[in-house]
Amino acid sequence: MSILEALHNGLERGQLLAGLPMRPAYRRMERHHPEEHQENMNALALGDNLEYMQWLLENGYEGKIRMIYIDPPFFTKSKFDATITLTDRNGKKNKIKHLAYDDTFDRNLEFYIENMTARLVLMRELLAEDGLIWVHLDWHSAHYVKMLMDEIFGVKNFQNEIIWQYKSGGSGKKHFSRKHDTILVYSKTEKYYLNVPKEKSYNRGLKPYRFKGVKEYKDDYGWYTMVNMKDVWSIDMVGRTAAERNGYATQKPLELMKRIVEASTEPGDYCADFFCGSGSLLEAAESLERHWIGCDNEPLAVSTSRKRLDARESAYDYYRDSISMHYGMVTMEEVFSEPLENGKDMLTCRVKPFRPEIDYGHIPIKDRDMAMKIGIEAPENYIDYIMVDPDYDGDFKVKMLFREDLQEIQFQSMGDYAAVVVDVFGKEYFYDGRKEK
């Protein structure tokens, strides 16, 4: 199959999906805030973004998203790891690598193009008439995706090619060091919103020009004027010692995400990232008072995003693919129960020993023995956090979330409760504690 045939197939597939009514592929697993659903609620989904975007189109989001940013696979033909900390039974912390995502696409360029095309078609349907889409790529695929974007959004709606320049990255003896990524920016129409930020432009010789009508400023470096920001952005990558670093492969810096959000949206607008990874764009949108929608098909990515968002006490709906993403099994036991005056019991519960469902093939050989040993000797140390619905009625809603002292957790309940235990790799284990099941 040729590149043009792959493009044609992807266009047909995306247009067909955008035009068909669909079965609800997602169900709400839980809501962080159990009160009635509010308009403009944030949402995070675990599953196939193609199905999730169909769901959004079917549920009133067509033309509602002011800005879409995606950092999709680059067709690097590589696999990327995240670093996880596991504690053994002696209390020693161990750094273990685990597959974050696989960017091989079966090493087939036509397959990559067809899949990206189908997704970009749906993104165009979701984008607002005055919205912008930012597609983050590198030298592996930017030229191919530029062709797709020209076809889907129109050549006339290509607005910018942003070069993100950084110090880290690869080098080699047979090519110049590759120290930049490319971000393609397209609009849906000619009437798009963009608030170009200003930046310093230092005068030649760092001396004042004294041109009439031109404001000049001086700092410790010299004289400068303020001009519209250029399309080459020098922003450091997330360093090993950076406070925001979470160990996820290809994590993007908040400074970069905030610049994009501020330039193309206003407070209250919707932002979306359908390859959300560790959640940098979502956290940036949250901090800037924008509403956001995120999706990823990797449990580890979504779990990492959730931890970032929960740390900011963000309110959002969590969706989970109810078909392909099965729960693991776990059992909880009541250690102590104390009746309260409100008719409820104060329950003290703990997770009984369980076998974590770990794909050891996604862990490097050098770390595999340690991971397996901890899984056998101290499986409880695989638990990252526990979510509890103390009034479970068959529709799980998170009303309590425990991150510390997980050996025993306490909550009030009439007796019908449920819990979701999440391990460090994002795998979820469900327990139905209702008295009559």
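Structural remarks
- Label-point separation, K198 to D391 (7 Å along Cα→Cβ), nm: 5.3
- Close amide H pairs (under 5 Å, H built 1.01 Å from N) link Y385 with V422, residues at least 5 positions away or on another chain.
- K188 long-range amide H proximity, modeled H, under 5 Å: G131
- Residue-wise HN-Hα coupling along region 255-272, computed from phi with Karplus coefficients 6.51, -1.76, 1.60 (Hz; x: Gly, Pro): 4, 5, 5, 5, 4, 5, 4, 5, 6, 10, 9, 10, x, x, 6, 8, 10, 9
- Among the GluC sites (Glu not before Pro) found in region 272-332, those both in a DSSP coil and sparsely packed, with 15 or fewer other Cβ atoms within 10 Å of their Cβ, are E289, E313.
- GluC sites (Glu not before Pro) within region 332-437, DSSP loop, no more than 13 other Cβ atoms inside 10 Å: E341, E404, E408, E436
- Cubic angstrom per residue, convex hull over Cα atoms of region 338-428: 103
- The phi-based Karplus calculation (6.51 cos²θ - 1.76 cosθ + 1.60; θ = phi - 60°) puts the 3J(HN,Hα) values of region 373-390 at 5, 5, x, 8, 7, 9, x, 4, 6, 7, 6, 8, 7, 10, 9, 10, 10, x Hz, whole numbers, x for Gly and Pro.
- In order along region 57-65, phi translates into HN-Hα couplings of 4, 6, 10, x, 9, 4, x, 9, 9 Hz, rounded to whole numbers, per the Karplus curve 6.51 cos²θ - 1.76 cosθ + 1.60 with θ = phi - 60° and x for Gly and Pro.
All of the numbers you see were taken from the coordinates with simple rules; none came from a lab. If you're wondering where the values come from, they're calculated on a predicted model, not measured in any experiment. Reconstructed Cβ throughout: ideal geometry from the backbone, glycine too, with neighbour counts over all protein chains shown.
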